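**Q** One structure follows; several queries about it will come next.
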């Protein structure tokens, strides 16, 4: 079987509506945002449960804070996961759809697992704030289900990289396996590379928490100092562990890739080292270094997602597959509408974030008139609605 020809035949015959490189960049950017909230949910739910069982006033307060934040982060995780999923389907459709079909039961079930995980996390949050007893089981169940989602997504994404195995997995002996109940591929260091990072990112989040609330007069300053130091220690410990797991993953890659020489990977590695140095310095004053650490973490995650995409290109390149040779069928209208909507969304989301940021930073009522983006956000929403109505009328007529 000519795998290269098979992959080309599985591509969308209509091609892509714009240059593949643009979709690839958007895939990396949106996946970076998505994975940050994945990390915050995994680490946040764990810390909320850990704080509940740990007892003590500080741990109980931290448990409540993380339980509340995790429900919000969970929602953002799901919303931000849609975009990279769609971009993946545009330029890697032969790999993504085949891997999904091979484990269809898992991919359909993941929706219900996500719903259950969110529900359990929310019940844990609500009962925790009401000081109900014996509620730890809800938090533990939520954490385990989140890990199950991670296992599923990892396995399906990983098995997409081995098209030469697809037929063997599908046939599975003397007859075809139509159940879709098997996860066919799993790589422990690759999976742990995502999980361990969750606790490093969560530690930085705790540093930001201490920095963010330090201006409020209704917050316990000693508690904030404890949160910052605990987070800084957690961040540096798991960043080192993340680097160890990263080396393990690097050594498990096919030797022919020589990925240790890849400039994208080397850049990502330098960013992680810089982050580690900042975190080491932050041990003495976590609040002072919270913003630099968060900024470097964000850039570092972006570097790692870029390296992940470079590695995927090496995997699919073994079969002479390149996103840059995908059939191009330019559609300027739909692309322009997407770009305008995207830019409008940035303005509106920026306004909402600025409101949320200022509301939480002070215990006093917020004067929204000082936010310049408010008027622009309203005008842009009206303009976008009118544009969509106009397009609908034009198509209908």
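The values are calculated or read from the model by the stated rules, or taken from the named source; none is laboratory data. This is a predicted model, so every value here is computed, not measured. Here the Cβ positions follow ideal geometry from the backbone for every residue, glycine too, while neighbour counts run over all protein chains shown.
**Q** Failed condition for residue 312, given (1) assigned by TED's automatic domain parsing to the domain that holds residue 27; (2) more than 25 Å from residue 202 (Cβ to Cβ); (3) at pLDDT below 95, with all others met?
**A** Every listed condition holds for residue 312 apart from (3).
**Q** Further question: Only one residue in 355, 323 is out of contact with any strand residue (DSSP E or B) (no Cβ under 6 Å at 6 or more places or on another chain) and assigned by TED's automatic domain parsing to the domain that holds residue 309, so which one is that?
**A** On the way: 355 fails: assigned by TED's automatic domain parsing to the domain that holds residue 309.
Going through 355, 323 in turn, just one is out of contact with any strand residue (DSSP E or B) (no Cβ under 6 Å at 6 or more places or on another chain) and assigned by TED's automatic domain parsing to the domain that holds residue 309: 323.
**Q** If you don't mind, there's one more thing I want to ask. Counting just the residues of the range 1-24 that are free of Cβ contacts under 8 Å to residues at least 12 places away in the same chain and out of contact with any helix residue (DSSP H, G or I) (no Cβ under 9 Å at 6 or more places or on another chain), which one comes out farthest from residue 328 (Cα to Cα)?
**A** In this case the residue turns out to be 2.
**Q** How about the range 147-192: which of its residues are without any contact (Cβ under 8 Å) to a residue 60 or more places away in the chain, in contact with a helix residue (DSSP H, G or I) (Cβ under 7 Å, 6 or more places away or on another chain) and farther than 25 Å from residue 311 by Cβ?
**A** 176, 177
**Q** Among the residues in the range 141-162, are any more than 24 Å from residue 245 (Cβ to Cβ) and surrounded by fewer than 17 Cβ atoms within 10 Å (Cβ to Cβ)?
**A** No, the range 141-162 has no match at all.
**Q** Any residue that is closer than 30 Å to residue 21 by Cβ, modelled with pLDDT of 80 or more and not in a helix (DSSP H, G or I) - is there at least one of those in the range 331-350?
**A** Yes, that holds for at least one residue.
**Q** Go through (1) in the same structural domain as residue 280 (by TED's automatic domain parsing); (2) out of contact with any helix residue (DSSP H, G or I) (no Cβ under 7 Å at 6 or more places or on another chain); (3) surrounded by 14 or more Cβ atoms within 10 Å (Cβ to Cβ) one by one and return the number of the condition residue 317 breaks.
**A** Failing condition for residue 317: (3).
**Q** Would you mind telling me which numbered condition in (1) part of a helix (DSSP H, G or I); (2) touching a residue at least 60 places away in the same chain (Cβ under 8 Å); (3) surrounded by fewer than 21 Cβ atoms within 10 Å (Cβ to Cβ) residue 241 fails?
**A** Just one mismatch for residue 241, condition (2).
**Q** If I filter the range 255-278 for residues that are closer than 19 Å to residue 200 by Cβ, in contact (Cβ under 8 Å) with a residue 24 or more places away in the chain and not in a helix (DSSP H, G or I), do I get at least one hit?
**A** No, because not a single residue in the range 255-278 is closer than 19 Å to residue 200 by Cβ, in contact (Cβ under 8 Å) with a residue 24 or more places away in the chain and not in a helix (DSSP H, G or I).
**Q** Check residue 287 against each of (1) surrounded by fewer than 16 Cβ atoms within 10 Å (Cβ to Cβ); (2) closer than 23 Å to residue 204 by Cβ and name the one condition it does not meet.
**A** It is condition (1) that residue 287 fails.
**Q** Further question: So, in the range 16-60, of the ones that are outside any helix (DSSP H, G or I) and over 30 Å from residue 265 (Cα atoms), which residue ends up modelled with the lowest pLDDT? Don't jump to the end; show me each part of the working.
**A** Pass one, the range 16-60, residues outside any helix (DSSP H, G or I): 16-19, 55-56.
This time we only want the ones that are over 30 Å from residue 265 (Cα atoms), so: 55-56.
Numbers: 55: 78, 56: 84.
Here the residue is 55.
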